[in-house]
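Student: Pasting in a structure now, in structure tokens, and then I'll have a few things to ask.
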Amino acid sequence: MTTTVQELTGDDTALAFDALRELRPHLTSVEEFVELVRAQRREGYRIVASFDSAGRVAAVAGFRHITNLYAGPHLYVDDLSTLPPARGQGHASALLRWVDEEARRLGCAGVHLDSGTQRHDAHRLYLSSGYVIPAFHFSKSV
């Protein structure tokens with residue numbers, strides 16, 4: 001299988017919608033999605049896509065370069081999603097490798113992400129890609 005990984009930087013943002021909607025089904029329109037990404041980009045959010053051999057987006061990763069006290073400078077993966085027909089074909093692994101290389105290029109200490117407790121296939125991918133589970137993530141609505 002041939003994959004191409006490329007960052008989406010502006011006018012091509014809408015290409016990521018279908019894949020990201022698999023993870024974020026509350027997104028109801030391409031226009032809403034593009035506007036949200038535009039707002040997130042002002043905060044450093046970036047999107048990278050894996051294209052299949054026919055040139056279609058098969059998977060996407062959205063991430064940010066951040067610094068905090070517990071991890072220092074690192075890339076945080078907000079979103080990683082693959083279209084169902086493309087799962088198991090190496091697209092998510094290719095994206096994670098790309099993000100690793102970008103983290104190295106930016107001088108980051110590592111890459112971090114959170115994953116829903118029900119996403120067992122994703123957990124297997126992360127663990128086989130060298131990720132560890134160092135903590136639990138807690139949240140509270142206010």
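Quick note: the coordinates plus some simple rules give every number you see, no bench work behind them. All values derive from a computational prediction rather than experimental measurement. Using ideal geometry, Cβ is built from the backbone for each residue, glycine included, and neighbour counts are taken over all protein chains shown.
Student: Let's see if you can work this out: charge +1 on each Lys and Arg Cβ, -1 on each Asp and Glu Cβ, no other charges. What is the dipole magnitude of the chain about its Cα centre, in debye to the nearest 20?
Tutor: So the dipole magnitude of the chain works out to roughly 360 debye.
Student: Give, as a single signed number, the net charge of other residues whose beta carbon lies under 14 Å from the beta carbon of Arg41, with Lys and Arg counted +1 and Asp and Glu -1.
Tutor: My count for the surroundings of Arg41 gives -3.
Student: Here is a further query. Treating only the Cβ of Lys, Arg, Asp and Glu as charged (+1, +1, -1, -1), what charge dipole size does the range 69-142 show about its Cα centre? Round to the nearest 20 debye.
Tutor: Dipole magnitude for the range 69-142 comes out near 120 debye.
Student: Related question: Over the range 67-110, what number does the Rg to Rh ratio reach, with both radii from the alpha-carbon atoms and Rh per Kirkwood?
Tutor: Using only Cα positions, Rg/Rh for the range 67-110 is 1.09.
Student: Just need log10 I(q)/I(0) for the range 1-63 at q = 0.23 Å⁻¹, Debye formula, equal scatterers on the alpha-carbon atoms, no solvent, rounded to two decimals.
Tutor: -0.94
Student: Restricting to Cα pairs below 8 Å that are 6+ residues apart, what does the relative contact order work out to for the chain? Please round to a whole percent.
Tutor: 21 percent
Student: Now, a different point. Jot down the radius of gyration and Dmax of the range 54-142, Cα atoms only, both in angstrom.
Tutor: Over the range 54-142's Cα set, Rg and Dmax evaluate to 13.8, 45 Å.
Student: What is the sum of charges, Lys and Arg at +1 and Asp and Glu at -1, for the other residues whose Cβ falls under 15 Å from the Cβ of Ala86?
Tutor: -1
Student: Still on this structure, I have one more. Taking 7 Å along the Cα-to-C-beta vector as the label spot, tell me the Phe138-Ala71 distance in nanometres, rounded to one decimal.
Tutor: 1.9 nm
Student: Which FRET efficiency, nearest 0.05, do Arg87 and Thr117 yield, Cβ-Cβ r, R0 22 Å?
Tutor: It comes to 0.70.
Student: Here's a follow-up. ³J(HN,Hα) across the range 61-67 via Karplus (A = 6.51, B = -1.76, C = 1.60, θ = phi - 60°), whole Hz, x for Gly/Pro?
Tutor: Computed from phi, the couplings for the range 61-67 are 9, x, 8, 9, 8, 10, 10 Hz.
Student: With the cut-off at 1.5 for a/c, could you classify the range 16-110 from its C-alpha gyration tensor as rounded, prolate or oblate?
Tutor: Oblate.
Student: Count the net charge of all other residues whose Cβ sits under 15 Å from the Cβ of Thr28, scoring Lys and Arg as +1 and Asp and Glu as -1.
Tutor: Neighbourhood net charge equals -3.
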